[in-house]
Amino acid sequence: MGVAAMRRRPLLLAALAAPAIARAQGIEPADTPRRAERWRDLKQAIFGDRPVEPAGAALDLSVPPRALDAALVPVGLALSADLAPRVTAIHLVIDENPLPLAATVRAGQPGALRALTTRVRVDAYTNLHVVAETDDARLLEAARFVKAAGGCSAPMGGDLEAARQRMGRMRLTLPEGSPGPDRAVPVQVAISHPNTSGLQMDQLTRLSIPAEFIRSLRVTYAGAPVLEVASDISIAENPTFGFTLAGRPGGELRVLAIDNRDRRFEGHWTLNGAG
């Protein structure tokens, strides 16, 4: 599916969102018939008639059951060694958010999605689904229930103008050093960006803050694609993505991020043997 199509899908999902969000403001269990119906509607909107199967032990999804901060909810997933090389895309769906399809992450090299992390906004008590798409067109899902509310309209963590001044700065983290010939390592890329949702209010003027968010991110290493992300307002302020990188040391890791106003931000690092 092309980037243009991925950008249109959240607009389609928005039409499904409003009634469910209003009902979900109360404390509703994870497994009610309404939540099951909600997920059936979302699956149809995103994947059409393609069957979605339980991933079982092949996909481990980690989300706090009760978030400390609804605007900064950590999400992590780990794929089994057998499944990881075959996964071509990960779809992250937050069922009760205004735009439920938070991100689609596509692998440019086999195994790049073996361990994937990010931080999201959660607007109401919700099931959070991750769907892994494989090279033989199978769809495998895992889900967790998250108790959090108000994340999409929560005030920013700092001053908006200061955040705009820092916009586009990037940080690379290699907790285990650089990749080696037979060694894949975790990598984390963070981008300074307010990533406003369009649902927040300026605490001084009491006016709505326009939506400004990273809509796409592309990572390459030594000139070869590693990762592509199509994202929306559900990704938290200062977007952070963790993934797995393979390849010989000494290559250049490049990141290109584009926001919804078509501003481009770039970062690049040469990964030597010491990381």
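The values are calculated or read from the model by the stated rules, or taken from the named source; none is laboratory data. Note that the structure is predicted; figures quoted are calculated from it, not measured. All Cβ positions, even for glycine, are placed from backbone atoms using ideal geometry, and neighbour counts span all protein chains on display.
Tabulated data
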{"item": "Pair list, Cβ < 7 Å and 6+ apart or interchain, from the stretch 157-168 residues that are within 19 Å of THR205 (Cβ to Cβ) to residues that are surrounded by 13 or more Cβ atoms within 10 Å (Cβ to Cβ) and not hydrophobic (A, V, I, L, M, F, W, C)", "result": "GLY157/GLU237; LEU160/PRO194; ALA163/PRO194; ARG164/PRO194"}
{"item": "Among the candidates PRO249, PRO175, PRO194, residue that is assigned to a loop (DSSP other than H, G, I, E, B) and within 25 Å of ALA148 (Cβ to Cβ)", "result": "PRO194"}
{"item": "Qualifying residues in the stretch 111-126 (those that are touching a strand residue (DSSP E or B) at 6+ places or on another chain (Cβ under 6 Å) and closer than 18 Å to VAL146 by Cα) - the one surrounded by the most Cβ atoms within 10 Å (Cβ to Cβ)", "result": "VAL122"}
{"item": "From THR205, THR220, residue being polar (S, T, N, Q) and in a loop (DSSP other than H, G, I, E, B)", "result": "THR205"}
{"item": "Unique residue being touching a Cys at 6+ places or on another chain (Cβ under 6 Å) and of a type outside the set (Gly, Ala, Ser) when the list is LEU207, LEU199, LEU245", "result": "LEU199"}
{"item": "Residue check, LEU113 part of a strand (DSSP E or B) and closer than 22 Å to LEU227 by Cα", "result": "no"}
{"item": "Any hit, the stretch 84-107, residues being over 16 Å from the mean Cα position of the chain (by Cα), farther than 25 Å from ASP31 by Cβ, polar (S, T, N, Q) and surrounded by fewer than 24 Cβ atoms within 10 Å (Cβ to Cβ)", "result": "no"}
{"item": "Selected residue (only one of ASN260, ASN238 is polar (S, T, N, Q), under 15 Å from VAL120 (Cα atoms) and at pLDDT 95 or above)", "result": "ASN238"}
{"item": "Lone unmet requirement of (1) in contact with a Gly (Cβ under 7 Å, 6 or more places away or on another chain); (2) farther than 22 Å from THR196 by Cα for GLY180", "result": "(1)"}
{"item": "Any hit, the stretch 181-192, residues being among the hydroxyl-bearing types (Ser, Thr, Tyr), at pLDDT 95 or above and surrounded by 13 or more Cβ atoms within 10 Å (Cβ to Cβ)", "result": "yes"}
{"item": "Flag for VAL146 being more than 19 Å from THR240 (Cα to Cα) and crowded, with 24+ Cβ neighbours inside 10 Å", "result": "yes"}
{"item": "Residue pairs meeting the criteria (Cβ under 8 Å; at least 6 apart or on separate chains; first at pLDDT below 95, in the stretch 30-45; second surrounded by 15 or more Cβ atoms within 10 Å (Cβ to Cβ) and among the aromatic types (Phe, Trp, Tyr))", "result": "ALA30/PHE145"}
